[in-house]
Amino acid sequence: MELYDAILPADGRIDNAFAAKVGTTIKALIPWQGQTLLSHTLSALQGIQQVRRIVVIGNAEVACEARCRGADAVIPPARSAPENIALGIRWLNRQPDGPTEKLLLLTTDLPFLSAEVLNSFLHECPINADLVVPVLRREVFEARFPNSPAIFVRLKDGYWTTGCVFCVSTSVYLRLLPLLESLFHSRKSQWKTALRVGPVVAWRFFTHQLTVPEIVQRAERLLQCRAFAHTKAPPEVAYDIDDLQDYDKAFNYLTRGANM
């Protein structure tokens, strides 16, 4: 059984209207089923045998709850999401036994995450993959969450959305950190991001000529690692709460079921 250290970025913020409704500006501390989304995520991770240690990246408010709920470390955030993950890896590197070969990276805004969902996700992760990204067809996702506010990308082989749970090789992540930082800073421009993979590929993406396998092949060449698109990932790893609409819809799924 392969073991994973888990790193949870938990420093995201929400807008004022959303915060007024849920009583916090910190996304990870949004109330959910009598606890917070952070506690909900920690419970899911603590329910599976493959997770060895949990590192949370967050401020003092997050730190208090994370430590009370059994996180192994809480680290103040840096200036970017890629660097936050790197901070977690550096903490793991300072431990006597170092980090696990593979890391489990996940956001703390997944209301339907559970130990069963994580076990299902990890069960289909290839042992030899350096990077595993959940990629779900629209029809699969909407069968679980009909009329959801999720965003889908149109490709040649269908409409797809990505999830928020990733498996990545520790050494590969550190090697790719400069590239990830660069991509992070250009993330608000689809053209800038796409052009980093080459103009031909970018054009094929924006004209809906690419398929998921072709994107994986291009990612492997660009990143020089073994990538895997996890098309059998549970839909629950892709329903995240970014705004009030996501929250309200999730609450309705929970209280009324998915027949909406």
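The values are calculated or read from the model by the stated rules, or taken from the named source; none is laboratory data. Because the structure is a prediction, the values reported are computed rather than measured. Using ideal geometry, Cβ is built from the backbone for each residue, glycine included, and neighbour counts are taken over all protein chains shown. Quick note on the areas: whole protein, heavy atoms, side chains included, nothing else; ligands and nucleic acids left out. Shrake-Rupley method; radii C 1.70, N 1.55, O 1.52, S 1.80 Å.
Computed values, structure above
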read-out	value
Largest-first principal axis extents of the Cα set of region 111-155 (Å)	35, 28, 14
Label-point separation, GLN33 to LEU222 (7 Å along Cα→Cβ), nm	3.5 nm
Cβ-placed point charges (K, R +1; D, E -1), dipole of the chain about Cα centre in debye, nearest 20	600 debye
Within the accessible area of region 1-154 (1.4 Å probe), percent carbon and sulfur	50 percent
In order through region 209-223: 3J(HN,Hα) via Karplus (6.51 cos²θ - 1.76 cosθ + 1.60), integer Hz, x for Gly, Pro	9, 8, 10, 4, x, 5, 5, 4, 4, 5, 4, 5, 5, 5, 8
Long-range amide H partners of LEU8 with built H, under 5 Å	VAL55, VAL56, ILE57
Contour minus Cα-Cα distance for CYS64 and ALA20 (0.36 nm per residue)	13.7 nm
Inter-part distance where region 214-233 and region 122-185 are each reduced to a Cα centre, Å	10 Å
Exposed GluC sites (Glu not before Pro) absent: longest stretch of the chain, with sites in DSSP loops and at most 16 other Cβ within 10 Å deemed exposed	125-260
Accessible area per residue in Å² at 1.4 Å probe, computed on the chain	49 Å²
Cα-based Lys pair tally, the chain, threshold under 30 Å, eight or more apart or on separate chains	18
Quarter of Cα convex hull surface for the chain, i.e. mean projection, nm²	13.7 nm²
Relative contact order of region 1-152, defined on C-alpha pairs under 8 angstrom at six or more residues apart (%)	29 percent
Highest-fluctuation residue, PHE152, PHE141, PHE112 considered, GNM on the chain with Cα pairs under 10 Å	PHE152
Evaluated at q = 0.28, 0.32 Å⁻¹: base-10 log I(q)/I(0), Debye formula over Cα of region 134-182	-1.00, -1.18
